[in-house]
Amino acid sequence: MNHQPFRDWLLSEEDLSAEQNQSLQEHLSGCESCCQIKLSWKELDVLFQKTTQVGPTQGFTHRWQSHLVEYHSAQQRRRSWLTIGATALITIVLLTVLISQVWELIQAPGPYMLVWLDRLISVISVYFIVQDVIGSISWSTPFITFVGLFFLVGIVSFMSVLWLTAYKKFSLARRVI
Amino acid sequence: MNTLEPAVLNQVQQGNQEAFTHLVETFQRPVYNLCYRMLGDPDEAEDASQETFLRVYKNIRHYDQDRPFSTWLLSIAAHLCIDQLRKRRMVAVSIDTTPYLEPADSSPGPEAAFYLMEDQRHVQAVLKTLNPHDRAAVIMYYWYDFSYEEIAKSLSLTPSAVKSRLHRARLSMAQTWSNQVGSNFMPERNPHESSAF
């Protein structure tokens with residue numbers, strides 16, 4: 001027996017037409033299986049209607065607050081490990097560079113010193129070239145001496161360290177609640 | 001369904017902790033109920049509810065106020081539970097433990113409380129037979145009065161898919177109910193419980 005349209009109608013929440021209703025009643029009078037589905041669904045529908053929402057045990061909000069504090073602590077720990085990791089990585093890279101340089105110096109001090117002297121002269125030449133170029137563009141540009149530039153770089157480095165320290169201080173764990 | 005004042009919602013989006021606590025107080029019951037109906041275990045429902053609020057906390061800035069908040073919130077809870085059910089598909093769930101039931105106004109006696117608990121057990125036993133998406137659709141439809149469109153948005157489905165899923169779920173639940181009522185409806189029995197009762 002084909003139950004298809006009748007089961008759709010039985011379980012549908014839309015109103016049936018008079019024809020559909022009559023056809024359904026005729027089918028139900030001869031189909032025990034569909035009658036059983038109809039009865040079961042009716043009982044379940046009543047059960048759903050009378051079953052209320054369940055709530056959590058007392059203190060859910062308090063537990064949520066503790067959960068949130070734990071989450072913030074975990075976040076803070078993660079940030080700290082990231083900072084430590086990044087610092088360690090930079091330190092290792094710098095140490096590697098330093099060791100390689102020192103190794104070269106130990107192996108052949110003369111040529112090494114000459115290379116560095118050559119580099120220093122190059123840097124000074126570049127500085128004077130840049131100064132000439134800037135000077136030719138405008139005479140009103142403030143003149144920066146080599147010593148002034150040295151102090152400027154020093155101040156910028158100091159400010160960077162200060163900024164990093166301040167950032168670290170303000171990003172420390174704050175009380176959430 | 002509980003609602004939240006737009007002003008409170010604005011405060012929550014601006015990161016106000018007190019406003020968020022108010023939000024948790026307001027929605028703890030509907031969220032927990034959804035998780036409990038989905039997972040069938042009070043402890044897992046508690047964990048899932050807490051995780052839902054944590055996800056809301058992390059993503060509250062992305063919430064679009066044109067959308068009803070309850071739909072957005074329950075959508076997060078439903079997806080979380082669906083993922084959880086997929087993870088433990090092969091693990092059997094006990095429904096012997098029953099969550100805290102708030103007493104009704106008429107203060108039911110032990111007998112009424114027993115029947116209330118039995119109803120909850122029967123409902124859970126029937127819901128347990130559905131697949132996660134069908135279960136979520138049924139729960140949203142019958143306990144939250146969500147429309148097909150709201151369910152569709154919450155579960156990332158089309159309204160026609162929701163309609164057909166609900167139809168399939170009703171038929172499946174009716175057949176389960178019919179079979180189980182035929183055998184006196186014994187969804188799960190304690191191992192130490194005598195078969196005489």
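Here, each number is a calculation from the coordinates, and none is a lab measurement. Everything quoted here is computed from the prediction, not taken from an experiment. Heads up, the Cβs are rebuilt from the backbone with ideal geometry, glycines too, and the neighbour counts pull from every protein chain shown.
Brief remarks on what is shown
- Pairwise alpha-carbon distances in the protein assembly as shown exceed 28 Å for 64% of all pairs.
- A:GLN101-B:GLN13 pseudo-label distance in nm [points 7 Å out on the Cα-to-Cβ vector]: 5.3
- Counting only DSSP H runs of at least 4 residues, each contributing -39500 (n - 2.57), and dividing by the residue count of the protein assembly as shown, the helix-based mean residue ellipticity at 222 nm comes to -25000 deg cm²/dmol.
- Peptide B:157-168, shielding by other chains (average Cβ, 10 Å cutoff): 1
- Shielding by other protein chains, B:53-60, mean Cβ within 10 Å: 2
- Overall form of the range B:5-64: prolate. Here a/c, set by the Cα gyration tensor axes a ≥ b ≥ c, is 1.5 or more, and a/b is the larger of a/b and b/c.
- Shape call, the range A:14-156: gyration tensor on alpha carbons, a/c limit 1.5: prolate
- Spread of Cα-to-Cα distances over 10 Å intervals beginning at zero, given as percent, for the range A:83-152: 16, 26, 26, 23, 8
- Ranked for footprinting exposure by Cβ neighbours inside 10 Å, fewest first, B:TYR63, A:TYR167, A:TYR127 give A:TYR167, A:TYR127, B:TYR63.
- Span-rule helices in chain A, defined as complete DSSP H runs reaching 20 Å or more along the axis (Cα) with Kyte mean at least 1.6: A:146-170
- Highest-first arrangement of B:31-41, B:12-22, where packing means the average Cβ count within 10 Å: B:31-41, B:12-22
- Think of the protein assembly as shown as a dipole: +1 on every Lys or Arg Cβ, -1 on every Asp or Glu Cβ, centred on the Cα centre; then among A:THR145, B:LEU116, A:MET159, A:THR145 lies furthest on the positive end.
- Anisotropy class of the range A:1-42 from Cα gyration tensor, a/c 1.5 cut: oblate
- Filter on A:LYS50/B:LYS153; B:LYS87/B:LYS163; B:LYS128/B:LYS163; A:LYS42/B:LYS128 - keep pairs with C-alpha separation over 23 Å: A:LYS50/B:LYS153; B:LYS87/B:LYS163
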